[in-house]
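A short worksheet on the structure shown next.
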Protein chains: 2
Amino acid sequence: MRIGELADAADTTTKTLRYYEAIGLLPPPDRAPNGYRDYPEAMLWRLDFIRRGQRAGLSLAHIGEILRMRDTGQPPCAHVDALLANRLTELDQQIADLIQLRQTVTALHHTSRAADPATCHAEAICTNL
Amino acid sequence: MRIGELADAADTTTKTLRYYEAIGLLPPPDRAPNGYRDYPEAMLWRLDFIRRGQRAGLSLAHIGEILRMRDTGQPPCAHVDALLANRLTELDQQIADLIQLRQTVTALHHTSRAADPATCHAEAICTNL
DNA sequence: ATGAACCTTCCAGTACACTGGAAGGTCAAG
DNA sequence: CTTGACCTTCCAGTGTACTGGAAGGTTCAT
């Protein structure tokens, strides 16, 4: 399987695949006599795993950690479990922060809608913030 | 007011102030005979405005737009109003996305907690993702 | 006079996940 | 035999808001 075919099959780009290889997310594939990369089918699994990890909000660095544990024969399941638990805590914090911010912005927006345009002089700093 | 004093008063760094000047967020200040920047008190207002804008989740680019409108004598109030309305829409989307992601991660995490370690072989790709 | 604490400019790096483009090699179809 | 679609490497840029550091000038206290 050449890189373009793999990219199509995995719904990504050749640029991205070479990038993943460069950062150690994909192992260096065999090369055809002409120097072209030659991927086995299994790469589709790996890319799918990467996609699933990304959809769970894991960084490529995290996903790489898991992949490299697996590659060296270490079952990464406990690690994955910890990563997910961690991610959940982060998500809760992020959601709480955004909801807090939403309240702030809503209040600001109410003020700005209520502002009398006549009191809005360019010389003064905008009081709506 | 020298740059270090302004930085202290505004609770930021001289690096940040020079950076703000470079991207056009702060006007080039007067210089003392020795070449040192000499800021008027009013810069504290401006920095405070920038801080408030950031707290509302506006980018420095957005804040700069408002500031430059004001600087050229255009009342930016209507613009600020639009920016805030926009920000609100974005926030709602971001919050919805994160809540959706939280559900996905929770489900994944339940699966991983329930997984039998005996079925977790290093050879297989981790099935918890 | 010397050392610390300021200030100046400019260049480059951080994190993240790519993306763009140049310069060149390879291969099948028409 | 040339055109076009592939492939290769390498270097550099995207966006965001800074941050670090080098190399040098200034000011003040001791």
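Before moving on, here are some points about what is shown:
- Counting the residues of segment B:80-95 that are open to solvent by 50 Å² or more (accessible area, probe 1.4 Å) and more than 7 Å from chain A (Cβ to nearest Cβ) gives 6.
- Close pairs from segment A:53-77: first under 13 Å from A:R87 (Cα atoms) and in contact (Cβ under 8 Å) with a residue 24 or more places away in the chain, partner open to solvent by 70 Å² or more (accessible area, probe 1.4 Å) and within 16 Å of DNA strand D (Cβ to nearest atom), Cβ under 9 Å, at least 6 apart: A:I63/A:Q54
- Of note, B:Y39 does not satisfy the criterion of being within 9 Å of DNA strand D (Cβ to nearest atom), surrounded by 16 or more Cβ atoms within 10 Å (Cβ to Cβ) and at pLDDT 95 or above.
The values are calculated or read from the model by the stated rules, or taken from the named source; none is laboratory data. In this text, all values refer to a predicted model and were calculated from it rather than measured experimentally. Note: ideal-geometry Cβ built from the backbone for every residue, glycine included; neighbour counts use all protein chains shown. Accessible surface areas use protein heavy atoms only, side chains included; no ligands, DNA or RNA. Shrake-Rupley method; radii C 1.70, N 1.55, O 1.52, S 1.80 Å.
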